[in-house]
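Below you'll find the structure, written out as structure tokens, and then a few comments.
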Amino acid sequence: MIKVTLPDGSVREFQEGVTAMEVARDISEGFARNVISARFDGKTIETSTPLTTDGSLTLYTFNDDEGKKAFWHSSAHVLADAITHFYPDAKLTIGPAIDNGFYYDIDLGDDTISEKDFKKIEDKMLEIARGKHLFQMREVSKADALDFYKKQGNDYKVELIENLTDGDITFCDHSNFTDLCRGGHIPNTGIIKAVKIMSVAGAYWRGDEKNTQLTRVYGISFPKQKMLKEYLEMLEEAKKRDHRKLGKDLELFTFSQKVGQGLPLWLPKGAALRERLENFLKAAQKKAGYEMVVTPHIGQKELYVTSGHYEKYGEDSFQPIHTPKDNEEFLLKPMNCPHHCEVYNTKPYSYKDLPKRFAEFGTVYRYEQSGELHGLTRVRCFTQDDAHIFCTPDQLDREFKGVIDLVLYVFKALGFDKFTAQVSLRDPENKEKYIGTDENWEKAENAIMNAAKEKGLNTVVEYGEAAFYGPKLDFMVKDVLGRSWQLGTIQVDYNLPERFDLSYKGSDNQLHRPVMIHRAPFGSMERFTAILLEHTGGNFPLWLTPEQVILLPISEKYQKYAEKVSSLLENSEIRALIDDRNEKTGRKIRDAEVNKIPYMLVVGENEEKEQTVSVRKHGEGDLGVFTIENFVSLIKSEVQNSLEQF
């Protein structure tokens, strides 16, 4: 008999060789009908895999991220099967699951796939799915695997297999189709009920521009047709909320081919919005005891060699800057943390001086491939709301909780109320890939888990997902369309203090290493602005929006009264502008609605006589007549209600 531990902590006994699906049926037949994948002791398995030892089992449905991953990975196999039916000479490469669906990279030779081919591929995929073919894994020797793909003339699979260890190579079969695969499938093709080919694009083999350009076919699939319909409707709404479109319409940012790809230009309204975001966080940071620093946009190559960033980001960095001096090289900085370590190193510290909290809106540079660039979410130049806390191990728990408070404050002020916190811990079975002592790791991991628990966060624990230098907490936010984004991360680091020989004098009069916390509630100003734009549809919180009020005089006669009202509003720190165009009031209202200005104040003869304004609210319509004082109170109240003090 073996003991199987379930996620709720309960333990059930089964005969050795029981499968994950049989365990699911033992729990409930209804539950088992929805189970599509499983993980045993942290390793992804098939639902048909026999369990031969005691261990922890997690069962997944399509509602779980791991379930979706297995569903979409399996669908990629079906896509490849369908494509090779129509293009028998096609050479398959890789076909992973992605955040929304899957893709398969294929060398089609002289053939092409275009939108007109989507329908026949979708129909073939559904035909294959209806066959209810089992996904079956089998081990293959390296020699047999190489022979299989060499006979097909598939150099891509041969290259992959040559880098694998004999004994670790597996194929996956369904129907008459075979593919090189590590595993992680749904039970059979019949679970796939709805498919959609989304697009085709070019992609270089292994992401290298020097290699062959392949055809990447993107798709998505669901266990119900209704789910596909809802997803496509969501995409239509997402198009309306695309931050690239809204950024242009609202005159927030732009790009210029002359300036360069991936280098955003912030226009006046966007710069003002960004400045308000920065000031909002700076005010909270000041109350939390942070000190602002400013560091250069470049640094000597040796700085990043010391930190390890050159090894990690060297290939994704801009080329070194060579000076007239021999062997002197500088790099555009890929991260702010090495500079902050040197800020800390400027003077000796006692344990009484800690923690030190250094913050900076620091601009960093990464050379992203042109095909990876996407609006503000993927750029080559971005500004991080970076801060690094240097503290004693005993201060770690308190400091971590303080950062969580700051992140939650940011989310609340900006309307992100649906999120989970992923606790990323080291792999207990593979400790050698991490640096630092067991004692320090246990302290750090306990600090994160205790802090998250005390703050009542909805957490997911992922073993093996920690950085090599320490555990971390990532905040996964859902926007109004239900899409997940990583916003805000808190990382514990024992690595950089060691690399930069950072120290403080303890109460024992001996030198000790500080613990370093990395944190960035926004992540980057560019990406955060993009996500906020799409989340709000451009209807920013009143305190943040570039223009809070627009005055609409019904004719030139009331221009001076509009200017008087505007001046009074500006004196009350309310951002106002006047639409003095020679247009009808209805047209002015429509344009203000399109520009998403929260409040419209119509002024004419009665308003001037009574010293009032007729108020309209974006998306709601007429609110009636207000005195200027009452309108100011309305605005102030709305701002205060949405922006509590930290």
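The values are calculated or read from the model by the stated rules, or taken from the named source; none is laboratory data. Bear in mind the structure is a predicted one, so any value in this text is a computation, not a measurement. Quick reminder, even Gly has a Cβ in these numbers, built from the backbone with ideal geometry, and neighbours come from all protein chains shown. When the accessible area is computed, the model is the full protein with side chains, heavy atoms only, and any ligands, DNA or RNA have been set aside. Shrake-Rupley method; radii C 1.70, N 1.55, O 1.52, S 1.80 Å.
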> Going by the conditions given, is residue 69 out of contact with any helix residue (DSSP H, G or I) (no Cβ under 9 Å at 6 or more places or on another chain) and either among the hydrophobic types (A, V, I, L, M, F, W, C) or open to solvent by 20 Å² or more (accessible area, probe 1.4 Å) (or both)?
Replying inline: yes
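Residue-wise test of (1) more than 16 Å from residue 547 (Cα to Cα); (2) under 38 Å from the mean Cα position of the chain (by Cα); (3) among the charged types (D, E, K, R); (4) open to solvent by less than 40 Å² (accessible area, probe 1.4 Å).
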{"position": "601", "(1), (2), (3), (4)": "no, no, no, yes"}
{"position": "616", "(1), (2), (3), (4)": "no, yes, yes, no"}
{"position": "626", "(1), (2), (3), (4)": "yes, no, no, no"}
{"position": "631", "(1), (2), (3), (4)": "no, no, no, yes"}
{"position": "635", "(1), (2), (3), (4)": "no, yes, no, yes"}
> Considering region 404-461 alone, what residues qualify as being of a type in the set (S, T, N, Q), under 16 Å from residue 493 (Cα atoms), assigned to a helix (DSSP H, G or I) and open to solvent by 70 Å² or more (accessible area, probe 1.4 Å)?
Replying inline: 446
>> Please pick out the residue among 53, 112 that is open to solvent by 40 Å² or more (accessible area, probe 1.4 Å) and either among the acidic types (Asp, Glu) or closer than 25 Å to residue 461 by Cα (or both).
In response: 53
> Quick check, is residue 105 at negative phi, in contact (Cβ under 8 Å) with a residue 24 or more places away in the chain and either crowded, with 22+ Cβ neighbours inside 10 Å or not basic (Lys, Arg) (or both)?
Replying inline: yes
> Is it the case that some residue within region 119-140 is under 24 Å from residue 212 (Cβ atoms), touching a strand residue (DSSP E or B) at 6+ places or on another chain (Cβ under 6 Å) and open to solvent by less than 80 Å² (accessible area, probe 1.4 Å)?
Replying inline: yes
> in contact with a strand residue (DSSP E or B) (Cβ under 9 Å, 6 or more places away or on another chain) and at positive phi: does that describe residue 464?
Replying inline: yes
> Any idea which residue in region 203-224 is nearest to the chain's Cα centre (by Cα), counting only those that are open to solvent by 50 Å² or more (accessible area, probe 1.4 Å) and under 21 Å from residue 115 (Cα atoms)?
Replying inline: 218
> Just checking, how many residues over region 587-646 are farther than 22 Å from residue 252 by Cβ, assigned to a helix (DSSP H, G or I) and among the basic types (Lys, Arg)?
Replying inline: 3
> Any idea how many residues of region 340-364 are polar (S, T, N, Q) and outside any strand (DSSP E or B)?
Replying inline: 2
